[in-house]
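Just below is one structure, and these are the notes that go with it.
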Ligand code: PMP
């Protein structure tokens, strides 16, 4: 049983001693006290199905017994020495991670968070190319340090302070909300309801967005040169936005022709989440020069990394560079056991099968409820864009969105939220959920949407 601070005591501490940016969007924040696989429990023992996994971070399951055992065993052996000595785990783990990478992406730098990983990727790109300017996409999210806040391109996550200079934000290739795109453009079991001129194998939208990227080179970049391009394989915080098929491949070519390197931010899409592939970039048929990863890598334990080629890594040899906690024995033991579980429990395959089923069931809800504008994603990386008007795609008003969201919580299902306007329900659960969990979630969502629709009808009459 739960024996910690009671709810009111905890609320008082939160109010007084924790920063106000620690938000809980629920009317009454949940007190979560225990977790097991896809389940979370509050202080009263009430169980919730966790469809957000600590923001895409709990990959193989809350307190997965195998990961807990690996962490405990390592904690009883050695926690830390700094990397001035050798310890077995960092070597075993670097080897295993490198084995998961294509081509000569074989050199690993372990850090502790996604922001740190992207910071380092920015530095590597600039050192290696001897260029300064970088490109990222509007609506992308890459972290919160002042350095990477510059490549994050959602105003809701930007403060009025100087952030990384020399960053250019290209038009976002969004087949649902953007200028171009539609039915044939996304690599997903579910397509938009928007018609498009593209043939299934020749995406016109990809070409249009590519022209926009070319314009960034033409108008904004000094001598048309670039140090690198940052892209998420599927935009996460931005609301599960998928680029049109073929776009990223062409974008990579353009960047390389102009002297830059290509950086895949796999913080959300890595470790099998998209189902078909272990890494999200593989779904685009590209091979990055630098890959950043975090979140699911440690199943909730702080662990992140940059993986790159020997030639690019060499650029870091110009001066000293060091990270105290990066690659510590406990983090590496956790990371290794996460890889073991993914393999033993066929987690990637589960993402594909259960994720596809989820998407198909959600598309039925979209067809039934006009407030569901779009259902998209791949594997267990899913977004549901809520609108007030199907034709204009105007975002659902905040109060209505919150009601639907809160209703789901009250019925025992925790869902995430994202996008610039905060109107996308994000489903990125621990990758161990099953079809029964999907059926339960769909029933809950259907009920919440019915309640919303009836309320909206009453208000209109
Ligand atoms: N990149 C992406 C794609 C992310 O989603 C996030 C976190 N939401 C980050 C980077 C930053 O990771 P962290 O919060 O660990 O710094």
Under the condition of being in contact (Cβ under 8 Å) with a residue 40 or more places away in the chain and farther than 21 Å from residue 406 by Cβ, which residue from segment 2-39 is nearest to the chain's Cα centre (by Cα)? 37
Of all strands (runs of 3 or more DSSP E) fully inside segment 1-82, the set with 3 or more residues that are more than 20 Å from residue 302 (Cα to Cα) and more than 16 Å from the ligand (Cβ to nearest atom) is 39-42, 47-50
Let me confirm something: among 271, 217, 230, which residue is in a loop (DSSP other than H, G, I, E, B) and either surrounded by 16 or more Cβ atoms within 10 Å (Cβ to Cβ) or in contact (Cβ under 8 Å) with a residue 24 or more places away in the chain (or both)? 271
Any idea how many residues of segment 143-171 are under 30 Å from residue 197 (Cβ atoms) and either at pLDDT below 95 or surrounded by 21 or more Cβ atoms within 10 Å (Cβ to Cβ) (or both)? 2
Using the structure shown, decide if residue 317 is over 27 Å from residue 382 (Cα atoms) and either within 16 Å of the ligand (Cβ to nearest atom) or modelled with pLDDT under 95 (or both). yes
Residue 153 - would you say it is within 16 Å of the ligand (Cβ to nearest atom), within 28 Å of residue 239 (Cα to Cα), assigned to a loop (DSSP other than H, G, I, E, B) and under 25 Å from the mean Cα position of the chain (by Cα)? yes
Strands (runs of 3 or more DSSP E) enclosed by segment 342-461 - at least 1 residues per element that are over 30 Å from residue 67 (Cα atoms) and modelled with pLDDT of 95 or more: 372-378, 381-389, 424-427
Residue satisfying all of: in segment 103-137; assigned to a helix (DSSP H, G or I), in contact with a helix residue (DSSP H, G or I) (Cβ under 7 Å, 6 or more places away or on another chain) and in contact (Cβ under 8 Å) with a residue 40 or more places away in the chain; nearest to the ligand (Cβ to nearest atom) among these: 114
Scan segment 293-312 and report the pairs whose first residue is touching a residue at least 60 places away in the same chain (Cβ under 8 Å) and on the phi > 0 side of the Ramachandran plot and whose second residue is more than 12 Å from the ligand (Cβ to nearest atom) and assigned to a loop (DSSP other than H, G, I, E, B), with Cβ atoms within less than 8 Å and a gap of 6+ or a chain change. 295/59; 299/58; 299/59; 299/60; 299/61; 299/64; 300/58
Go through (1) within 24 Å of residue 423 (Cβ to Cβ); (2) buried (at least 19 other Cβ atoms within 10 Å of the Cβ) for residue 193 and report which single condition fails. (2)
Residue 180 passes all but one of (1) away from the ligand (no atom under 11 Å from the Cβ); (2) out of contact with any strand residue (DSSP E or B) (no Cβ under 7 Å at 6 or more places or on another chain); (3) more than 17 Å from residue 247 (Cβ to Cβ); which number fails? (3)
Please determine whether any residue of segment 249-260 is more than 16 Å from the ligand (Cβ to nearest atom), in contact with a strand residue (DSSP E or B) (Cβ under 8 Å, 6 or more places away or on another chain), outside any loop (DSSP other than H, G, I, E, B) and free of Cβ contacts under 8 Å to residues at least 40 places away in the same chain. yes
Looking at 265, 289, can you tell me which residue is at pLDDT 95 or above and within 16 Å of the ligand (Cβ to nearest atom)? 265
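The values are calculated or read from the model by the stated rules, or taken from the named source; none is laboratory data. What you are looking at is a predicted structure, and each value in this text was computed from that prediction instead of being measured. For neighbour counting, all protein chains shown are included, and Cβ atoms are generated from backbone atoms with ideal geometry for every residue, glycine included.
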